[in-house]
Each structure stands twice: as structure tokens, then as C-alpha cells.
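Scroll down for the structure; my scribbles are underneath it.
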Amino acid sequence: MRAFFRRKRRIVLVLVLLVAGGMSIMAYNEKDKYFEIAKNLDIFAAFYRELNTYYVDELPPEKLMYKGIDAMLEETDPYTDFIPEENLDELKFMATGRYGGVGVSVNTDSERTVITDVYEGSPMDKAGVKPGDIILSLDGKATKGMEQEEISRVLKGTPGSTLEMVTKHPVTGAESNKKIVREEINVRAVSFSGITGSDIGYIRMTQFTENSGELVQSAFEELKKQYPTMKGLILDLRGNPGGLLDEAVAVANIFVDKNKLIVSTKGKVKSWDREYKTEGPAVDAHIPLVVLTNRSSASASEIVAGAIQDLDRGVIIGQRSFGKGLVQTTRPLPYNAKLKVTTAKYYTPSGRCIQAIDYSHRNSDGEVESMPDSLRRSFSTVAGRKVKDGGGIEPDDAVDPTLLSQVAITLLRKQYIFDYATQYYYSHPKISAANKFVLSEEDFGDFLKYLDGRNYNYKTRSEEALEGFQATARKEKYYDAVAKEFEALQAKMKHDKKQDLLKNKQEIKRLLEEEIANRYYMQRGRIEKSLSNDNEVNEAIAVLHAPERYQQLLK
């Protein structure tokens with residue numbers, strides 16, 4: 001018996017020694033790490049001091065330090081960033097959706113700066129400025145030759161400050177002097193809410209900023225009040241880059257009952273390990289729900305979509321989301337600067353992290369790659385459906401994205417659709433409601449006449465592929481053997497611009513109708529008009545109108 005206890009004491013002693021040894025190794029590693037940091041900071045400071053003292057020319061300190069910071073940031077993910085004091089407004093806008101300005105979007109090239117959108121109720125709207133107006137000067141400085149970034153900087157400013165602007169009417173050419181008083185512009189997180197498909201609610205979110213959860217809830221409750229027989233809801237998160245994590249939880253709470261896990265975070269610092277649960281009862285925990293996503297739905301959008309999917313609360317329709325499963329926090333730096341740093345990864349209720357790129361592992365050339373599908377792990381929703389990590393939120397019902405033809409892309413890029421809509425607006429005092437407006441055959445013919453003599457040369461994707469084949473064949477010395485066949489194929493594929501316009505007529509008409517609706521009804525009109533031709537929205541309506549199919553997608 002004593003021998004047993006002696007053996008037990010020896011085992012305990014060995015375990016204690018192992019634990020103590022492990023702790024001392026850990027402590028040594030920590031000391032070693034901080035010694036390396038201190039040593040290299042000393043080397044850096046000494047290097048800069050000697051360089052600054054003895055280098056033959058003057059070196060700008062700020063420029064050198066910022067280059068050093070940029071070099072350090074290259075080793076991190078693209079979301080970790082240094083924000084100097086002069087750029088804090090951008091950080092504020094990301095969190096609040098507010099900025100000081102006049103409420104317009106502009107497009108500029110070497111010849112002209114054109115107002116493309118005017119926000120409803122903004123200072124520019126109050127001053128009678130319209131899309132299509134050409135800006136000639138800002139605060140006495142001609143805009144010709146100015147870069148878009150510089151123009152945007154001049155338009156923004158402290159609320160209450162004044163902007164002097166000279167504009168030219170796009171049709172008459174008449175010039176106007178305007179004095180615009182800047183205000184705080186609030187880009188609303190809910191850009192549109194309404195009814196579509198006769199009985200399906202629709203809410204479009206553009207970002208997750210302060211109070212966006214309240215805005216979505218208010219829009220949803222108003223829809224329920226106006227349309228008590230509403231059969232389902234579409235929450236459109238396409239193109240939504242995300243924002244505040246708390247607001248994502250608040251949006252999910254509208255449809256998910258109290259005390260349900262929505263997202264958890266895990267970081268290197270244990271204080272960042274947290275669980276975020278719904279705090280109150282749902283506004284409606286039962287209404288059939290579709291969430292729309294695409295490749296530009298990221299971060300907070302993916303938290304909402306991931307939670308709705310993992311809890312089997314609704315159906316995800318569209319394309320796989322971006323795959324950003326990283327959480328950023330701001331840390332104060334001297335002289336009012338900030339460090340925006342990734343502090344944690346987030347995990348959906350099933351336990352998956354949907355981060356698509358592992359920035360901690362780089363190739364020999366320093367590049368990072370998306371996680372291959374073969375390495376993605378499977379998790380289970382509440383109902384037992386299989387979902388995967390490491391590559392965004394995969395839709396339950398995939399819909400191919402709508403790709404524009406090359407001719408349509410060229411007409412948009414050259415501003416011909418925009419400019420025709422401007423002419424249309426000034427020659428038609430009014431149009432029908434945005435969702436009912438249709439461009440007539442006569443008007444489309446007028447647009448074709450408008451294009452006569454205008455340059456909109458482009459290459460079709462087939463022509464681009466053929467040119468790629470030609471280059472490869474020449475490089476591999478096969479071209480001479482197939483030259484005649486190649487030239488014959490090239491001649492057959494040579495496109496006729498007029499035929500391309502007619503071939504893609506419906507697509508071009510749709511773009512014209514949306515741009516014209518925007519002239520009369522602003523952003524709301526553009527969105528309302530676009531819904532009837534939206535493949536993902538139409539698929540969502542079809543699913544919500546078929547309860548058996550909706551339930552099948554959730555099984």
C-alpha cells in the first residue's frame with residue numbers, strides 16, 4: 001500500500017515538474033518575444049536617427065514613417081489599417097453612415113464633371129440641382145482636369161460651411177451660380193422598403209451602421225401594418241459590405257426569438273471571446289423569410305445570413321457571399337490617430353467561420369489564396385442540414401448572377417444611357433409610377449438615333465477569347481498552320497454594332513427605364529423599377545409563393 005502511495009507521489013511530482021517546466025518554457029517564450037520586439041524597436045530608432053542625421057538630402061519624417069507603417073500592414077489582412085487624424089471622418093462614416101457634405105454623387109472625366117445622383121432632402125436637392133447638371137467650378141476653381149477624389153473632397157466639409165458652385169444646364173447650356181450650405185448627410189441603412197409580387201414585402205439594406213436594426217424593424221412593422229396579408233419578406237443584403245456587429249445581431253433579432261445565439265467571436269486576447277445572443281422577443285419569428293446575398297455581401301451581412309441559415313429561420317437565395325469572418329476594433333494612437341485592427345474571428349451559430357482567405361499563411365511570393373473547397377469542413381444547422389465553413393455563406397437556392405453584355409457595359413461606361421435619360425427627362429414633363437413605367441418602342445428607336453455617329457466601339461467576349469487563342473497559337477508556333485481557319489472564324493464573328501443593340505434590346509431598355517425612373521423618383525424610383533426584372537427577387541417571390549418548396553429548402 002505504501003509502495004502505491006510512493007508511486008503516486010512520484011507521478012504527481014513528475015506532473016508538477018512537467019507543468020512547471022511547461023510554464024517556464026511559456027514564460028521564456030513570452031520574454032524572448034518581447035525582447036525581440038524591444039531589440040528591433042531600438043534598431044529601428046537608431047537606424048532612422050543615423051539616416052536622418054547623415055543622409056545627404058532632407059528626408060520628410062512623416063513620409064518615411066508612413067512608409068514603414070504601410071510595410072508592416074502588408075503582413076496583415078487588408079482590414080487592419082492606420083487612420084491618421086485627417087481621415088477620421090471616413091471611420092465615422094463607416095460606423096454611423098453620416099458625413100458633412102451636400103448630398104450628391106458625381107462622375108468626372110478629363111472633359112466634364114456631371115452630377116449623377118442627388119439624395120432626397122439634401123442641400124443639393126433643396127437648391128434645385130438635378131442629375132445631369134454639369135459642374136463648371138467649385139469655390140472658384142474650374143473642375144476641368146480635377147481628379148474625382150479631389151472633387152469629392154471639396155464637396156464634403158463641416159456642416160454649416162458654404163460651397164460656391166457654378167453649374168451648366170445639360171440641355172440649354174445656361175449657367176447658374178449656387179451657394180450651397182453643407183449639412184450632415186445621413187446615408188440611410190434601409191434604402192428601400194415596399195411590396196413586390198403583389199403580397200411579398202421587400203427591404204433593401206445598404207450597410208450596418210448605427211441604429212440600422214431599428215430602421216429595419218421600423219420598415220418591417222410599417223409593411224405589416226400596410227399589408228396585413230403579406231405572405232413573406234425578402235431581406236436584400238446584396239452589395240452590403242457590412243458594418244457594426246451589434247447591428248447585425250439586432251437585425252437578426254427581428255426574426256429570431258430571445259436568447260438565441262447569433263454569432264460568437266474568438267481572438268488572441270481572451271476578452272474578445274464573446275457570445276452575442278438575441279436580447280428581446282422577435283417582431284415576427286414565423287413569417288416566411290428570404291435573404292438575398294451575392295459576392296459583395298460581407299461581414300455583418302454574412303452574420304445575419306449565416307444565423308438565419310444555421311437556425312433554419314429562412315432561405316438564402318443568390319450567390320455565395322464574400323467570405324469575411326474577421327472582426328475589427330479601433331485602438332487609439334497618439335495625435336488623434338487610430339489603428340483599425342483585426343482582433344477576432346467570428347463564428348455562426350453552427351460553429352463555422354466563413355472567412356475565405358487565411359492571411360496568416362502566405363505563398364513564397366507573399367500572395368494569399370482562398371481556401372479550396374476540399375479543405376472546407378461541414379457543420380450542421382439546427383434541422384441537420386449540412387453547411388460549410390471557409391468560403392462565405394452558400395445559398396440554399398443558387399441563382400446565377402445577371403451579366404451585362406459588352407454593348408450594354410460600353411453604353412454605361414460612355415455615359416450614353418445616362419445622357420439620353422437626361423434628355424428624356426427634360427422633354428417629358430412626367431411619367432407613370434416607377435414600377436409601371438415602360439419605355440415605348442418609339443422611344444427606343446429614338447435612343448438608337450441618338451447613338452448614330454457616337455463612338456461605342458467594343459470587343460465581345462468571344463472576340464477577346466479569340467485574340468487570346470491567337471496570341472497563344474503564335475507563341476506555341478501553331479498559328480501558321482491554322483491561319484486561314486482563324487481568319488475565317490474571325491470574319492464570321494465580327495460583330496455588327498446595330499445588330500448587337502437589337503439583340504440585347506431588352507437589357508438596354510431595362511437600363512434606360514431604371515435610369516429614367518431615377519430622374520423622376522430618385523433612388524427609390526430606380527430600385528422600384530429594377531425589382532420587376534431582378535432574377536434573384538423573382539426567384540425569391542416564387543419560393544415564398546410555394547410553401548412546400550420553401551419548407552423543402554429548409555429540410
Tell me which of these GLU536 doesn't satisfy, since it passes every other one: (1) out of contact with any Leu (no Cβ under 7 Å at 6 or more places or on another chain); (2) surrounded by 15 or more Cβ atoms within 10 Å (Cβ to Cβ); (3) touching a residue at least 24 places away in the same chain (Cβ under 8 Å).
(1)
Any idea which residue in the stretch 116-143 is surrounded by the most Cβ atoms within 10 Å (Cβ to Cβ), counting only those that are within 13 Å of HIS169 (Cα to Cα) and of a type outside the set (A, V, I, L, M)?
ASP133
Could you figure out which of (1) in contact with a Leu (Cβ under 7 Å, 6 or more places away or on another chain); (2) buried (at least 17 other Cβ atoms within 10 Å of the Cβ) isn't true of ARG331?
(2)
Determine if the stretch 205-228 includes at least one residue that is within 30 Å of TYR99 (Cβ to Cβ), modelled with pLDDT of 95 or more and basic (Lys, Arg).
no
Six or more apart or on different chains, Cβ under 8 Å: which pairs go from a residue in the stretch 295-319 that's at positive phi to one that's among the charged types (D, E, K, R) and at pLDDT 95 or above? Could you list them?
SER299/LYS324; ASP312/ARG385; GLY318/ARG238; GLY318/GLU536
The stretch 251-297, subset surrounded by fewer than 23 Cβ atoms within 10 Å (Cβ to Cβ) and either outside the structural domain of ASP310 (by TED's automatic domain parsing) or small (Gly, Ala, Ser) (or both), residue modelled with the lowest pLDDT
SER271
Here the residues within the stretch 517-533 that are polar (S, T, N, Q) and either touching a residue at least 60 places away in the same chain (Cβ under 8 Å) or part of a helix (DSSP H, G or I) (or both) are ASN518, GLN523, SER530, SER532
Just one listed residue, out of PHE192, PHE208, is buried (at least 19 other Cβ atoms within 10 Å of the Cβ), in the same structural domain as ASP246 (by TED's automatic domain parsing) and within 30 Å of GLU539 (Cα to Cα), and it is PHE208
Please specify each residue of the stretch 315-351 satisfying the condition of being among the small types (Gly, Ala, Ser) and either outside any strand (DSSP E or B) or within 19 Å of GLU74 (Cβ to Cβ) (or both).
SER321, GLY323, GLY325, ALA337, SER350, GLY351
Kindly indicate the residue of the stretch 411-457 that is surrounded by fewer than 17 Cβ atoms within 10 Å (Cβ to Cβ) and among the small types (Gly, Ala, Ser) and also modelled with the lowest pLDDT among those meeting that condition.
GLY453
Among (1) of a type in the set (Asp, Glu); (2) more than 16 Å from the chain's Cα centre (by Cα); (3) closer than 26 Å to HIS545 by Cβ, which single condition is GLU210 missing?
(3)
Identify the residue in the stretch 359-382 that is part of a loop (DSSP other than H, G, I, E, B) and at pLDDT 95 or above and, among all such residues, is farthest from GLU507 (Cα to Cα).
VAL382
Over the stretch 225-239, the set of residues over 23 Å from the mean Cα position of the chain (by Cα) and more than 20 Å from VAL543 (Cβ to Cβ) is LYS225, GLN226, PRO228
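The values are calculated or read from the model by the stated rules, or taken from the named source; none is laboratory data. Values in this document were obtained by computation on a predicted structure and should not be read as measured data. Cβ: placed from backbone, ideal geometry, glycine included. Neighbour counts: every protein chain shown.
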